[in-house]
Amino acid sequence: MTSLRTVALFGVVAAGAVVAAERWLGSVIASGDGPDPTMKMAIAIDAPIDAVWEAVSDIERQPLWMREMRSVRLLTAGPVGIGTRGEADVRIFLVGVVDPVEIDQYDPPVAFGIRHVGIFAGSGRIALEALDARRTLVRWDERLVPPVFPNLGQLVQKPILGAIFQADLERLKEMVEARHAEAIGGAGAGADAG
């Protein structure tokens, strides 16, 4: 019986410590003095900004380069823009969730942003910058706030999800560069034949 009490007491102390750490971390993050929970990824793509924008903003084809996104559905009709709502079936490490989002930034061909409005809150921002006529820098900032222990959770998930999202950008790069090479090859072949 004594060992059961010891385990219970240890559990209560540990839970109290986690709650205290969560509150403290929340206050230092909110003040701007703590660690930044935003994941920041970037990649340079050998393709013009319009070709990269075409892939980034094609919501229904995003699962081709975002492997954790199993499927996506647009919930609002009409052209995609600010206010467009959608939801994605997302699966990371055997955990699956439906992630409802709303586009809150849409500035072709330089900025695409969403708000996560489901179990996980937060935002995602993709910014494109033409490095020259043939190369584009893609910056992706993502902040996902888990429903339980949101401050600790953001910091724990940051290196893991940051690596997953960077791999997504690698796939985007491969996809866009292959499409662009094919388009140039196709256009060049047609010009040579004519």
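Nothing in this text is a laboratory measurement; each read-out follows from the coordinates by a stated rule. Remember, it's a predicted structure, so these values are computed and weren't measured experimentally. Neighbour counts run over all protein chains shown; Cβ positions are idealised from the backbone, glycine included.
Observations on the structure shown:
- The share of Cα pairs per 10 Å bin across segment 6-53, counted from zero up to the longest distance, runs 20, 23, 18, 19, 11, 8, 1 percent.
- Tail fraction, Cα-Cα pairs, segment 38-194, threshold 20 Å, whole percent: 51
- Packing around the peptides 150-161, 72-83, 5-16, 124-135, taken as the average count of other Cβ atoms within 10 Å per residue, puts them in this order, highest first: 150-161, 124-135, 72-83, 5-16.
- Close amide H pairs (under 5 Å, H built 1.01 Å from N) link Val145 with Ala121, Gly122, residues at least 5 positions away or on another chain.
- In the chain, the calculated helix contribution to ellipticity at 222 nm averages -15000 deg cm²/dmol per residue, counting -39,500 (n - 2.57) for every DSSP H run with n ≥ 4.
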